[in-house]
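A short write-up of the structure that comes next.
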């Protein structure tokens, strides 16, 4: 690496790659957790039989609560993260021009339609004026972008690990319930 900027760019690319890989893992795990929905009536029958045997619905409630929470946490992991710049101490007043989030304002209808009257909040000249002028300013902006990506990476990895733990507990509860029921 020839310069500090090159180093920061490489770090940014590494963070972006990790975020993409995490999203792929989340998608695979989410698919795995959604597959049992095709057998929901069979699962319900097993849990109903188990509840009759142990004279309590606690296992059923626990099973479905864990399943629901695992799915919700995975959806939350793969969903868009709020503005990461609000999680950074920004004493140098970086503008975030590398990513330029918030340049367009979208509403509910924009989720479904392409509306022609959606325009950027800035014209080209005022947007171009936000680009850094000096190598030091460029490094600050790149560092700001890197910190935003680090936040996104870390929160996604945290949520993925939480989801994995929930999924493992859910699977263990389901497996134990199944084995107990079959042994009776």
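Values in this text are rule-based calculations from the coordinates and carry no lab data. Being a predicted model, the structure only gives us computed values, none of them experimental. Reconstructed Cβ throughout: ideal geometry from the backbone, glycine too, with neighbour counts over all protein chains shown.
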What's the FRET efficiency of residue 158 with residue 53 using the Cβ-Cβ distance as r and R₀ = 41 Å, to the nearest 0.05?
-> 0.60
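Please compute the length gained on full extension between residue 42 and residue 61, using 0.36 nm multiplied by the number of residues separating them and subtracting their Cα-Cα distance.
Taking 0.36 nm per residue and subtracting the Cα distance, the gain is 5.2 nm.
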Rel. contact order, % - alpha carbon contacts under 8 angstrom, at least six apart, the chain = 41 percent
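For an R0 of 25 angstrom, estimate the FRET efficiency from the Cβ-Cβ distance between residue 4 and residue 126 and round to the nearest 0.05.
With a Förster radius of 25 Å, E is 0.35.
Thinking of the chain as a set of Cα atoms, what percent of all their pairs are more than 23 Å apart?
Taking all Cα-Cα pairs of the chain, the fraction more than 23 Å apart is 61 percent.
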Cα centroid distance between segment 133-150 and segment 40-101, in Å?
-> 32 Å
Going by alpha carbons, how many degrees (0 to 90, nearest 10) lie between the helix axis of 58-78 and the longest principal axis of the chain?
-> 20 degrees
Evaluate the distance, in nm, between pseudo-label points positioned 7 Å from the Cα of residue 118 and of residue 31 along their respective Cα→Cβ axes.
-> 2.8 nm
For helix 40-54, what angle does its Cα long axis make with the longest principal axis of the chain, in degrees from 0 to 90 and rounded to 10?
-> 50 degrees
How high is the FRET efficiency from residue 68 to residue 106, r the C-beta distance, R0 45 Å, rounded to 0.05?
-> 0.95
